[in-house]
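The values are calculated or read from the model by the stated rules, or taken from the named source; none is laboratory data. Since the structure is predicted, the reported quantities are computational estimates derived from the model, not experimental observations. Because the Cβ atoms are built from the backbone with ideal geometry, glycine has one as well, and the counts that use them run over all protein chains shown. Keep in mind that these areas ignore ligands, DNA and RNA; they rest on the heavy atoms of the full protein, side chains included. Shrake-Rupley method; radii C 1.70, N 1.55, O 1.52, S 1.80 Å.
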Amino acid sequence: QDKSYLHFGDIDAGGFYIYEHLCRKTGIPFAMMNMGIEMLEAHKQEWNKLTVHDAKRLEDLKRILDAKDKAGIRFYDYRDTINFMINNKCKIEQEQLQELYDLESWMLLLCHEALRGNLEKSSRNMP
(Lines give C-alpha, C1' and ligand atoms only; values in the text may rest on other atoms or scores of the structure.)
Protein backbone atom coordinates (compact mmCIF):
# COMPACT_ATOMS: atom_id res chain seq x y z
CA GLN A 1 0.00 0.00 0.00
CA ASP A 2 1.34 3.41 -0.97
CA LYS A 3 1.63 5.93 1.82
CA SER A 4 1.80 9.70 1.69
CA TYR A 5 3.64 11.68 4.32
CA LEU A 6 2.70 15.29 4.95
CA HIS A 7 4.44 18.23 6.58
CA PHE A 8 2.78 21.40 7.85
CA GLY A 9 4.88 24.27 9.11
CA ASP A 10 5.34 28.01 8.90
CA ILE A 11 4.96 29.42 5.40
CA ASP A 12 8.33 31.12 5.54
CA ALA A 13 11.97 30.30 4.88
CA GLY A 14 12.35 28.66 8.29
CA GLY A 15 9.38 26.36 7.66
CA PHE A 16 10.81 25.37 4.29
CA TYR A 17 14.28 24.72 5.73
CA ILE A 18 12.72 22.49 8.40
CA TYR A 19 10.89 20.66 5.61
CA GLU A 20 14.14 20.19 3.64
CA HIS A 21 15.94 18.94 6.77
CA LEU A 22 13.10 16.50 7.55
CA CYS A 23 13.18 15.03 4.03
CA ARG A 24 16.97 14.79 3.97
CA LYS A 25 17.29 13.16 7.41
CA THR A 26 14.44 10.65 6.95
CA GLY A 27 14.79 9.95 3.24
CA ILE A 28 11.01 10.34 2.98
CA PRO A 29 9.65 12.53 0.16
CA PHE A 30 7.16 14.43 2.31
CA ALA A 31 4.52 16.56 0.62
CA MET A 32 3.65 19.93 2.10
CA MET A 33 0.19 20.53 3.47
CA ASN A 34 -1.29 24.02 3.84
CA MET A 35 2.01 25.66 2.89
CA GLY A 36 1.22 26.92 -0.60
CA ILE A 37 -0.12 29.88 -2.50
CA GLU A 38 -3.76 28.94 -1.86
CA MET A 39 -3.21 29.15 1.90
CA LEU A 40 -1.37 32.45 1.58
CA GLU A 41 -4.13 33.94 -0.57
CA ALA A 42 -6.86 32.66 1.77
CA HIS A 43 -5.17 34.28 4.77
CA LYS A 44 -3.92 37.55 3.34
CA GLN A 45 -5.04 39.41 6.47
CA GLU A 46 -2.54 37.32 8.46
CA TRP A 47 0.50 38.13 6.31
CA ASN A 48 3.70 39.27 7.95
CA LYS A 49 6.18 41.30 5.93
CA LEU A 50 9.27 39.55 4.59
CA THR A 51 12.56 40.94 5.81
CA VAL A 52 15.62 41.30 3.59
CA HIS A 53 17.05 38.27 5.40
CA ASP A 54 13.85 36.27 4.68
CA ALA A 55 14.03 37.10 0.98
CA LYS A 56 17.70 36.04 0.82
CA ARG A 57 16.92 32.71 2.48
CA LEU A 58 14.04 32.12 0.05
CA GLU A 59 16.35 32.84 -2.89
CA ASP A 60 18.84 30.35 -1.42
CA LEU A 61 16.07 27.75 -1.23
CA LYS A 62 15.23 28.32 -4.89
CA ARG A 63 18.85 27.58 -5.77
CA ILE A 64 18.70 24.37 -3.72
CA LEU A 65 15.54 23.28 -5.56
CA ASP A 66 17.03 24.22 -8.93
CA ALA A 67 20.05 22.04 -8.13
CA LYS A 68 17.81 19.12 -7.16
CA ASP A 69 15.88 19.55 -10.40
CA LYS A 70 19.08 19.63 -12.46
CA ALA A 71 20.42 16.53 -10.67
CA GLY A 72 17.19 14.61 -11.30
CA ILE A 73 16.44 14.28 -7.59
CA ARG A 74 12.75 13.84 -6.82
CA PHE A 75 11.30 16.54 -4.64
CA TYR A 76 8.15 18.44 -3.75
CA ASP A 77 8.36 21.55 -5.90
CA TYR A 78 7.35 24.70 -4.04
CA ARG A 79 9.24 27.26 -6.12
CA ASP A 80 5.95 28.89 -7.19
CA THR A 81 5.13 29.51 -3.52
CA ILE A 82 8.58 30.99 -2.93
CA ASN A 83 8.19 33.31 -5.93
CA PHE A 84 4.73 34.36 -4.72
CA MET A 85 6.13 35.16 -1.28
CA ILE A 86 9.01 37.19 -2.70
CA ASN A 87 6.76 39.07 -5.13
CA ASN A 88 4.18 39.84 -2.42
CA LYS A 89 6.73 40.25 0.40
CA CYS A 90 4.67 37.95 2.63
CA LYS A 91 4.97 35.06 5.05
CA ILE A 92 2.71 33.42 7.66
CA GLU A 93 3.45 31.64 10.92
CA GLN A 94 1.40 28.46 11.38
CA GLU A 95 0.23 29.72 14.77
CA GLN A 96 -1.70 32.43 12.91
CA LEU A 97 -3.84 29.76 11.25
CA GLN A 98 -5.69 28.72 14.39
CA GLU A 99 -8.57 26.95 12.63
CA LEU A 100 -6.09 24.38 11.35
CA TYR A 101 -5.35 23.18 14.87
CA ASP A 102 -8.83 21.74 15.32
CA LEU A 103 -8.53 17.98 14.64
CA GLU A 104 -11.90 17.75 12.90
CA SER A 105 -10.97 20.63 10.61
CA TRP A 106 -7.63 18.96 9.87
CA MET A 107 -9.33 15.72 8.86
CA LEU A 108 -11.91 17.45 6.68
CA LEU A 109 -9.24 19.54 5.02
CA LEU A 110 -7.04 16.50 4.41
CA CYS A 111 -9.92 14.61 2.79
CA HIS A 112 -10.87 17.65 0.73
CA GLU A 113 -7.28 18.17 -0.48
CA ALA A 114 -6.85 14.48 -1.30
CA LEU A 115 -10.08 14.46 -3.32
CA ARG A 116 -8.99 17.57 -5.22
CA GLY A 117 -5.59 16.03 -5.90
CA ASN A 118 -3.74 18.89 -4.25
CA LEU A 119 -1.51 16.60 -2.22
CA GLU A 120 0.26 15.60 -5.43
CA LYS A 121 -0.31 18.81 -7.40
CA SER A 122 3.10 20.38 -6.86
CA SER A 123 5.08 17.15 -6.82
CA ARG A 124 7.82 16.60 -9.31
CA ASN A 125 9.12 13.12 -10.13
CA MET A 126 7.42 11.64 -7.09
CA PRO A 127 5.90 8.13 -7.17
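List of remarks:
- Spin-label zone in segment 1-31 - amide nitrogen under 11 Å from a point set 7 Å from the Cα of Arg74 along the C-beta vector: 3, 28-30
- Prolate/oblate/rounded label for segment 27-76 (Cα gyration tensor, a/c 1.5): oblate
- Taking all protein chains into account, the per residue accessible area for segment 1-74 stands at 60 Å² (1.4 Å probe).
- Extended-chain gain in nm, criterion 0.36 nm per residue less alpha-carbon gap, Val52 and Lys25: 6.9 nm
- Qualifying trypsin sites (Lys or Arg not before Pro) in segment 1-101, DSSP loop, other Cβ atoms within 10 Å at most 10: Lys3
- Interchain or long-range residues, amide H under 5 Å from Cys90's placed H: Leu50
- Asp77 long-range amide H proximity, modeled H, under 5 Å: Ser123, Arg124
- Close amide H pairs (under 5 Å, H built 1.01 Å from N) link Ala31 with Tyr5, Leu6, His7, residues at least 5 positions away or on another chain.
- In segment 39-96, the GluC sites (Glu not before Pro) that fall in loop regions by DSSP, at most 16 other Cβ within 10 Å: Glu93
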